[in-house]
Amino acid sequence: MQKVFNLFGTLGFVMSATIAVGSLMLYTRIPSITKHYMGELKLELTKMVTDVVPGQIDDVMPELPSATGPAIETPKLPF
């Protein structure tokens, strides 16, 4: 019976040490993991926006005028 309790105690220690080490490794790598996924997200969003925006801009933009008027006169200063 003592051997069974010793085995359970050893297994519990190994499991707890594994969880602690895994949590520490994850905690130290969170910035790089976040940077990686944010980079992928930005790349995908950029692709989506560049596919959608040019067509919508062409629909909304008015035609440029072929001629312009005279220059606007600056207001006179009171002094």
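Just so you know, all these numbers are worked out from the coordinates, no wet-lab data involved. Worth saying up front: this structure is predicted, and the values here are computed from it rather than measured. FYI the Cβ positions are ideal-geometry reconstructions off the backbone, even for glycines, and counts take in every protein chain you see.
Note down the magnitude of the dipole of the chain about its Cα centre, charges +1 on Lys and Arg C-beta and -1 on Asp and Glu C-beta and zero elsewhere, to the nearest 20 debye. Each step should come with its number before you reach the end.
Numbers: 6 positive and 7 negative charges, 175 e Å.
Dipole magnitude for the chain comes out near 840 debye.
Give the aspartates and glutamates whose C-alpha is closer than 17 Å to that of Lys42, dropping any in the same chain fewer than 8 places away, or say none.
Qualifying aspartates and glutamates at Cα under 17 Å: Asp51.
State the three equivalent ellipsoid semi-axes of the chain, derived from the C-alpha gyration tensor as the square roots of 5 times its eigenvalues, in descending order and whole Å. Kindly include the intermediate steps, with their values, before the conclusion.
Numbers: eigenvalues 1013, 87, 11 Å².
They are 71, 21, 7 Å, listed from largest to smallest.
Over the chain, with a Gaussian network built from C-alpha contacts below 10 Å, which listed residue (Ser23, Ser66, Ser32) shows the highest mean-square fluctuation?
Greatest mean-square fluctuation among the candidates belongs to Ser66.
Under the Karplus relation 6.51 cos²θ - 1.76 cosθ + 1.60, θ = phi - 60°, what is the ordered set of whole-Hz ³J(HN,Hα) values for segment 4-20, x standing for Gly and Pro?
For segment 4-20, the Karplus-derived couplings read 5, 5, 5, 5, 5, x, 5, 5, x, 5, 5, 5, 5, 5, 5, 5, 5 Hz, x marking Gly and Pro.
In the Gaussian network model of the chain, springs joining C-alpha atoms below 10 Å, which of Leu11, Leu26, Leu41 carries the largest mean-square fluctuation?
Highest fluctuation among the options: Leu11.
Just to be sure I understand: with springs between alpha-carbon atoms less than 10 Å apart, which residue in Gly69, Gly55, Gly22 has the highest mean-square fluctuation in the Gaussian network model of the chain?
Largest GNM mean-square fluctuation: Gly69.
Report the one residue of Gly9, Ala20, Met48 whose Cα lies farthest in the direction of the positive end of the charge dipole of the chain (charges on C-beta: Lys and Arg +1, Asp and Glu -1; origin at the Cα centre).
Of Gly9, Ala20, Met48, it is Gly9.
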